[in-house]
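Worksheet: the structure to be examined is printed underneath.
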Amino acid sequence: MLGVKGRMTQIFDDKGTVSAATIVIAEPMTVTQVKTTEKDGYQAIQVGAGTRRESRISKPLKGHLKDLTNARYIREFRTPPAGGDALERGATIDLSSFAVGDVVIVSAISKGKGFQGVVKRHGFHGGPRSHGQKNKERAPGSIGGGGRAGGRVVKGMRMAGRMGGDRVTVKNLKVLKIDAAANTMLISGAIPGRPGTLIEIRG
């Protein structure tokens, strides 16, 4: 299922236990293409979610979405080979695929944080705050050299650099509540990205 991340909230269960939760807006998706092993070399379904103005869609995409809604997002998911109920082009997928208590996997693009140092990016502790230390508290320290690896910096050395903006997958999240009328669901815990981020929910 494709959805859009909303704000975080909290929900109480029957025993009064509170749980942090994220609101996800998951409007019904439309199957835009069914790929088969015979024709495409692999088996998958392509789905469209959301809507946008027709003026924002290119002519090739208009032809691809002919007789369907103007989808804002188009994504493709692999399907298991052979067996199962095959979906046809134009079929609708909604929140009825999920139930309260289901354990799901959520993937999204995390918040971009720009260029960050090693303390924030990798969790380095930094240098001591005493013994004359003045301006190296958040410095990375030695990166090797000398006799290590022939005097070069080894690959994978943790340094300062761009942080965030990566595809992050969080497992073992639980569906806490489903509101089919409002096309929303509550998922336990935090989800990568900012409010408005497109997320993928897999059962």
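So which of Ala139, Ala99, Ala149, Ala108 ends up being small (Gly, Ala, Ser) and in a strand (DSSP E or B)? Outline the logic, then answer.
Values: Ala139 fails: in a strand (DSSP E or B); Ala99 fails: in a strand (DSSP E or B); Ala149 fails: in a strand (DSSP E or B).
Step by step, each of Ala139, Ala99, Ala149, Ala108 is checked, and only Ala108 is small (Gly, Ala, Ser) and in a strand (DSSP E or B).
Count of the range 171-203 residues, restricted to those that are in a loop (DSSP other than H, G, I, E, B) and under 15 Å from Thr9 (Cβ atoms), is 5.
Checking each residue in the range 84-138 for being under 21 Å from the mean Cα position of the chain (by Cα), surrounded by fewer than 15 Cβ atoms within 10 Å (Cβ to Cβ) and among the acidic types (Asp, Glu) picks out only Asp94.
Quick grid of which residues meet (1) modelled with pLDDT of 95 or more; (2) surrounded by 16 or more Cβ atoms within 10 Å (Cβ to Cβ); (3) of a type in the set (Asp, Glu); (4) under 17 Å from Ala21 (Cα atoms):
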| site | (1), (2), (3), (4) |
| --- | --- |
| Arg162 | yes, no, no, no |
| Val170 | yes, yes, no, yes |
| Leu176 | no, yes, no, yes |
| Asp179 | no, no, yes, yes |
| Ala190 | no, no, no, yes |
| Gly196 | no, no, no, yes |
| Gly203 | no, no, no, no |
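Name the one entry in Ile57, Ile45 that is out of contact with any strand residue (DSSP E or B) (no Cβ under 9 Å at 6 or more places or on another chain) and of a type in the set (A, V, I, L, M).
Details: Ile45 fails: out of contact with any strand residue (DSSP E or B) (no Cβ under 9 Å at 6 or more places or on another chain).
Just one listed residue meets the conditions, Ile57.
The residues of the range 25-63 that are out of contact with any Ser or Thr (no Cβ under 9 Å at 6 or more places or on another chain) and among the acidic types (Asp, Glu), listed by number, are Glu38, Asp40, Glu54.
Of the residues screened, Phe77 is one that is surrounded by 12 or more Cβ atoms within 10 Å (Cβ to Cβ) and within 25 Å of the chain's Cα centre (by Cα).
Of all residues in the range 141-173, those satisfying the criterion of being of a type in the set (Val, Ile, Thr) and in contact (Cβ under 8 Å) with a residue 12 or more places away in the chain are Ile143, Val168, Thr169, Val170.
Comparison of Val18, Val4 shows that the only residue that is hydrophobic (A, V, I, L, M, F, W, C) and over 22 Å from Ala91 (Cβ atoms) is Val18.
Rundown of residues vs (1) in a loop (DSSP other than H, G, I, E, B); (2) modelled with pLDDT under 85, yes/no style:
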{"position": "Arg52", "(1), (2)": "yes, no"}
{"position": "Phe115", "(1), (2)": "no, no"}
{"position": "Asn135", "(1), (2)": "yes, yes"}
{"position": "Val153", "(1), (2)": "yes, no"}
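The values are calculated or read from the model by the stated rules, or taken from the named source; none is laboratory data. In this text, all values refer to a predicted model and were calculated from it rather than measured experimentally. All Cβ positions, even for glycine, are placed from backbone atoms using ideal geometry, and neighbour counts span all protein chains on display.
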